[in-house]
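The values are calculated or read from the model by the stated rules, or taken from the named source; none is laboratory data. This one's a predicted model, so the numbers in the text were calculated from it and none came from an experiment. A quick note on method: Cβ atoms are made from the backbone with ideal geometry, for glycine too, and the neighbour counts reach across all protein chains shown.
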Amino acid sequence: MARKTTKSKTTKAEAEAATSTSEAKSRFNAALEEAKAGAVALKDEAREKATSYAGDARAVGEDWAGDAKVKAGELATQGKNKAGEALGNLSRVVDDNAASIDEKFGQKYGDYARSASRSMQNTANTLQEKSVEELGENAREYVRNNPGKSLGIAALAGFLLSRLFRR
């Protein structure tokens, strides 16, 4: 009979161990499912915040871009006006000196100076009359019609600017 008691104690211990293992597995699986659900919730929350931050950044960027366009337009208009004034002043200086060019170098060279003065004055008037947008469209049209000359002018301007800013 002692044998039966030992056998039933062993079976009872095995049953308890199996129950403990089953319970532990159940708790582990529940914890695992809870962790997965938490990870999904964190992922969704992170996605929402990222979308919100991206929207905010886009709005700020659009505001800055709008401000930059306005400022660039103002600066372009100021530059156009100053260039027109400078060209007009240069035209007057050349025209004023045309008589002395006649005396020193001859009538032919004086006429060249007067012609250059008229061209500069016409260009100054054009700069003053046209808007920056119209001037930009004229420049685009010139580049389309004269790509070789445009490339040469751009290269020359780049060379001169590099020399100017090298110092």
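For a quick check of your reading of the model, give me the residue pairs whose first member lies in the range 79-103 and is over 12 Å from R114 (Cβ atoms), whose second is among the β-branched types (V, I, T), with beta-carbon atoms closer than 6 Å and at least 6 apart or on different chains.
Between residues of the range 79-103 that are over 12 Å from R114 (Cβ atoms) and residues that are among the β-branched types (V, I, T), the close pairs are K80/V132; L87/T123.
Which numbered condition trips up L160, out of (1) loosely packed, with under 14 Cβ neighbours inside 10 Å; (2) modelled with pLDDT of 90 or more; (3) under 26 Å from R92 (Cα atoms)?
Every listed condition holds for L160 apart from (2).
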